[in-house]
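The values are calculated or read from the model by the stated rules, or taken from the named source; none is laboratory data. All values derive from a computational prediction rather than experimental measurement. Glycine also receives a Cβ, built like all others from the backbone with ideal geometry; neighbour counts cover every protein chain displayed. For the accessible areas, the whole protein counts, side chains as well, though only heavy atoms, and no ligand, DNA or RNA atoms are used. Shrake-Rupley method; radii C 1.70, N 1.55, O 1.52, S 1.80 Å.
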Amino acid sequence: MSFAYFPHTDEDIRQMLERIGVKSLEDLYADVPAEIRYTREFDLPDSLSEIELRRKFEELDRKNNRLTVFCGCGAYDHYAPAVIPSLIARSEYLTAYTPYQAEISQGTLRYIFEYQSMITELTGMDCTNASMYDGPTAAAEAMLMAMAATKKKKRVLLADTLLPQVREVVKTYAKYHGVEIGRIAQKDGNTDLESLQRELESGDVAGALIPSINRFGIIEDLSGMADALHAAKALLMVYADPSALAVIKTPGEWGADITCGDAQTLGLPLLFGGPYVGYLACRKELVRKLPGRIVGATHDVDGKRAFVLTLQAREQHIRREKANSNICSNQSLMALYVTIYLSLMGPEGLHQVNALSYGGAHELHDQLIATGLFEEVFDKPFLKEFVLKSKIPAATLQQALLQEGFLAALETEEGYVSFCVTEKRNREEIDRMLSIIKQLKP
């Protein structure tokens, strides 16, 4: 049993099987039921030239249904300047997703340092780590930070207004770390301060995770949240969209102790090979509880500016027995992407992104209401995302739009439908989607 692209000789295979203690390669699959094993020949084409292969892939690519995206719910179709892919593909940057030996590259350390500086400026916090796997896992690590910082507390509160994927990931982490999860109810689309205060009366709360912009798209008013939590010796954790922080109040201004979220909104495509990039920032008093690594700036023996790994608290090569996964490691290439995006956009560019998104979202919102097929749910401020009550079943609405090339009207837990408009959407696309919706009947 040999294959053209396998380097092993029959003698190599014989020695390996003898060492393992089995007689044949088939014996390695003895535990796989025969009825689910594929035993026929694979339907593979003959070898192709480079031109033929490119043509084949182009044919396959044309089968993809390219949709115009009018939904968010945690993943947002923002524009990224065309120069970014070219820059991140440079040999000095293109590296493994976690550079464990970053000390060898001042370039890698430099862009992580710049990433940290920009995230702390956006969030209003004192320090941040070198990035994380994604937003929900960053939220889970924030929960563990709160537990470690407060000690002896056993509960963490999650706002009902958080994105469902964030709640579920945090609950999964909590289950296997012995953390009890409590709820903060929502009232009229906002996190309810009175519900938070009632939960704090037990005295066993380590912290509460509350969104800055919630799953209904509403910009939350977090007044009184930090005071209530701090009075109970608990921490305020805020889950925030970093792009929106350019135009709304920052977690630091709300008195947050820890902030987290997904930096996918900073230019990362909806699908870029799979990964997004989480961020996690905190007050300086909590820096020793921050997972992952922090890059700092210093000077070398010649007085030149240099970058070093200042803190690498939970990396596998430092505390391997306490590291349960790679999740707390930084998404280095994604962090580089975000760093270049923020450098190119600057404060003015981010403000323009949000202004365009705001204008488009409010235009679509008003036009949908005007069709008579939708009703207002919450009369609250929103930025680029909103929910409405639809007189048309959500599945019917989604299917009609999908057939015409639109991805929109995602259904919430309550049965509302959610729409999102970013700066990539134009008036023509909005009008075309509205014309499709107007043809539907309740």
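Details
- Calculated FRET value between LYS233 and THR310, using beta carbons and R₀ = 41 Å, to 0.05: 0.90
- The residues neighbouring GLY405, those whose beta-carbon lies less than 12 Å from its own, together hold a net charge of 0 under the Lys/Arg +1, Asp/Glu -1 convention.
- Cα gyration tensor shape for the stretch 169-212, rounded if a/c is under 1.5, else prolate or oblate: oblate
- Straight-line reach from LYS389: taking Cα to Cα under 30 Å and skipping same-chain neighbours fewer than 8 places apart, the lysines in range are LYS171, LYS187, LYS249, LYS380, LYS424, LYS438, LYS441.
- Here the calculated FRET efficiency for VAL32 and SER202, from their Cβ-Cβ distance with R0 = 51 Å, stands at 0.50, rounded to the nearest 0.05.
- Assuming charge only on the beta carbon of Lys and Arg (+1) and of Asp and Glu (-1), the dipole of the chain about its Cα centre is about 880 debye to the nearest 20.
- Listed residues ARG167, ARG40, ARG183, most fluctuating in the chain (Gaussian network, C-alpha, under 10 Å): ARG40
- Between PRO269, PRO85, PRO211, the residue with the greatest mean-square fluctuation in the GNM of the chain (Cα pairs under 10 Å linked by springs) is PRO85.
- Normalising the average separation of contacting C-alpha pairs (under 8 angstrom, six or more residues apart) by the number of residues puts the relative contact order of the chain at 20 percent.
- Surface composition of the chain: carbon plus sulfur atoms contribute 52% of the solvent-accessible area (1.4 Å probe, protein chains only, all chains present).
- In the stretch 1-34, chymotrypsin sites (Phe, Trp or Tyr not before Pro) in a DSSP loop with at most 15 other beta-carbon atoms within 10 Å: PHE3, TYR5
- Spatially proximal lysines relative to LYS233 (Cα-Cα < 21 Å; intrachain offsets below 8 disregarded): LYS151, LYS152, LYS153, LYS154, LYS284, LYS289
- Rounded, prolate or oblate (a/c below 1.5 giving rounded, otherwise prolate when a/b exceeds b/c) for the stretch 118-226 by Cα gyration tensor: rounded
- Between the stretch 17-32 and the stretch 120-146, the C-alpha centres lie 46 angstrom from each other.
- Amide H contacts of ILE184 (H built 1.01 Å from N, under 5 Å, at least 5 apart or other chain): LEU158, ALA159, ASP160
- Of the residues ALA174, THR120, THR161, the one whose Cα sits farthest toward the positive end of the charge dipole of the stretch 119-185, with +1 on the Cβ of Lys and Arg and -1 on the Cβ of Asp and Glu, is ALA174.
- For the stretch 154-255, applying the loop criterion from DSSP together with a ceiling of 11 other beta carbons within 10 Å to the GluC sites (Glu not before Pro) yields GLU201.
- Per-residue 3J(HN,Hα) values for the stretch 234-246, derived from phi via the Karplus relation 6.51 cos²θ - 1.76 cosθ + 1.60 with θ = phi - 60°, read 10, 10, 9, 10, 10, 9, 9, 7, x, 5, 5, 5, 6 Hz in sequence order (x marks Gly and Pro).
- Long-range HN-HN contacts of GLY207 with modeled amide H, under 5 Å: LEU157, LEU235
- Charge-dipole axis of the chain as Lys and Arg at +1 and Asp and Glu at -1 on Cβ define it, positive-most pick from THR396, PHE307, ALA246: PHE307
- Overall, the stretch 65-209 carries a charge dipole of about 380 debye about its Cα centre when +1 sits on the Cβ of Lys and Arg and -1 on the Cβ of Asp and Glu, all other atoms neutral.
- Per-selection Rg to Rh, the chain - Cα, Kirkwood hydrodynamic radius: 1.03
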